[in-house]
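Colleague: Mind looking over this structure? Questions follow.
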């Protein structure tokens with residue numbers, strides 16, 4: 001795609017992920033680590049359909065509530081900053097998030 005090669009490491013800061021998954025969604029640290037491990041699986045694939053840098057495990061995983069989830073790792077990385085910063089992980093299908101918020105007329 002003409003982009004520079006990423007550095008061979010993943011940087012994880014964790015503050016956004018902790019606030020989103022542990023504080024807001026009620027996951028434990030161990031459950032978030034399980035989501036990260038699944039999202040970074042050898043079978044995971046890059047999702048080229050989004051503007052974000054997303055790596056998705058195509059194999060659904062049974063979570064602690066018995067839901068089949070698809071784990072996605074979201075990275076912060078740009079062509080000027082070729083580091084893979086793990087920004088968040090999303091267990092799609094867990095039932096904890098509603099539809100994405102769309103901007104109203106006063107927010108545009």
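The values are calculated or read from the model by the stated rules, or taken from the named source; none is laboratory data. These figures come from a predicted structure and were not determined experimentally. Counting neighbours? That spans all protein chains shown, and the Cβs are built from the backbone with ideal geometry, glycine included.
Colleague: Can you tell me which of (1) within 21 Å of residue 83 (Cβ to Cβ); (2) modelled with pLDDT of 95 or more; (3) more than 13 Å from the chain's Cα centre (by Cα) is the one residue 9 doesn't meet?
Modeller: (2)
Colleague: Could you check the stretch 12-23 and list, in sequence order, the residues that are assigned to a helix (DSSP H, G or I) and within 15 Å of the chain's Cα centre (by Cα)?
Modeller: Residues of the stretch 12-23 assigned to a helix (DSSP H, G or I): 15-23.
Result: 15, 16, 17, 18, 19, 20, 21, 22.
Colleague: If the Cβ limit is 8 Å and pairs must be 6+ apart or interchain, which residue in the stretch 1-30 that is more than 14 Å from residue 53 (Cβ to Cβ) pairs with which residue that is surrounded by fewer than 12 Cβ atoms within 10 Å (Cβ to Cβ) and modelled with pLDDT of 90 or more?
Modeller: Once the first residue is more than 14 Å from residue 53 (Cβ to Cβ) and sits in the stretch 1-30, its partners that are surrounded by fewer than 12 Cβ atoms within 10 Å (Cβ to Cβ) and modelled with pLDDT of 90 or more give 22/28; 22/29.
Colleague: Related question: Confirm whether residue 20 is within 20 Å of residue 96 (Cα to Cα) and out of contact with any helix residue (DSSP H, G or I) (no Cβ under 7 Å at 6 or more places or on another chain).
Modeller: yes
Colleague: Could you count how many residues in the stretch 40-90 are part of a strand (DSSP E or B), farther than 22 Å from residue 23 by Cβ and in contact (Cβ under 8 Å) with a residue 60 or more places away in the chain?
Modeller: Summing the residues that are part of a strand (DSSP E or B), farther than 22 Å from residue 23 by Cβ and in contact (Cβ under 8 Å) with a residue 60 or more places away in the chain in the stretch 40-90 gives 1.
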